Amino acid sequence: RWVMTDGTIVGAKSDMDLLTRIYDNTCKYDKLTAESWVNKEGFASSTPYLFWCNKYGQRVYIFKGKKGAWQLLKTYKCSTGNINYSDNCDQGVGFSWKIYNKDKAFKTANGGIQKWNMHYSSPGGNSIHKGSVGKPATHGCIGMAESSVKWVFDNIPINTRVIVF
């Protein structure tokens, strides 16, 4: 259960999806709130990094440390799964993901080249990649500005825990 700064109570995924549609990218948790949440929840990672994608605020929070002692390192705007897609492809929500692999560049379906791609839900599944930012726009992937996703690509190792909520 979450209580947002405006007093809104969030208790379920359906509530979170609704709020993602209502609120825009002005929501950003401060350092203390973000650190308190991931540490209270007891998240662990097999690397010294933890990657949290927050659907409510369309933000990525990157922590360094270890279980119970995570410290916020970076915050970036992002785009997450759009619940309005009729195929219900917003598969990123969950707490058990990790970064499986990295592709420095790959060909897209329309023949273009996409740089800095990291699969996080399963090998070849949802990914973290360059894309629009600030509002739900994907089918479950996490879109970030090119400079942001390049930093993640260069600094966050494979097997880092990915939280999407």
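The values are calculated or read from the model by the stated rules, or taken from the named source; none is laboratory data. Here the structure is a predicted model, which means the values were calculated and not measured. When we count neighbours, we look across all protein chains shown, and the Cβ atoms used for this are built from the backbone with ideal geometry, even at glycine. For the accessible areas, the whole protein counts, side chains as well, though only heavy atoms, and no ligand, DNA or RNA atoms are used. Shrake-Rupley method; radii C 1.70, N 1.55, O 1.52, S 1.80 Å.
When peptides 31-43, 146-158 are ranked by their average number of other Cβ atoms within 10 Å per residue, the highest-first order is 146-158, 31-43. Go ahead and run the numbers for FRET between Ser46 and Lys107, Cβ-Cβ distance against an R0 of 41 Å, rounding to 0.05. Rounded to the nearest 0.05, the efficiency is 0.85.
Close amide H partners of Ile128, meaning residues 5 or more places away or on another chain with modelled amide H under 5 Å apart, are Met118, His119, Tyr120, Ile142.
What is the extension gain from Gln114 to Lys150, computed as 0.36 nm multiplied by their sequence separation minus the C-alpha to C-alpha distance, in nm to one decimal?
Details: separation 36, 0.36 × 36 = 12.96 nm, distance 1.16 nm.
In short, 11.8 nm is gained.
Here the gap between Thr33 and Ile158, fully extended at 0.36 nm per residue and compared with their Cα-Cα distance, gives a gain of 42.4 nm. Given a 1.4 angstrom probe, I'd like the percentage of the accessible area of region 26-74 that is carbon and sulfur, rounded to a whole number. Of all accessible area on region 26-74, carbon and sulfur atoms account for 53 percent.
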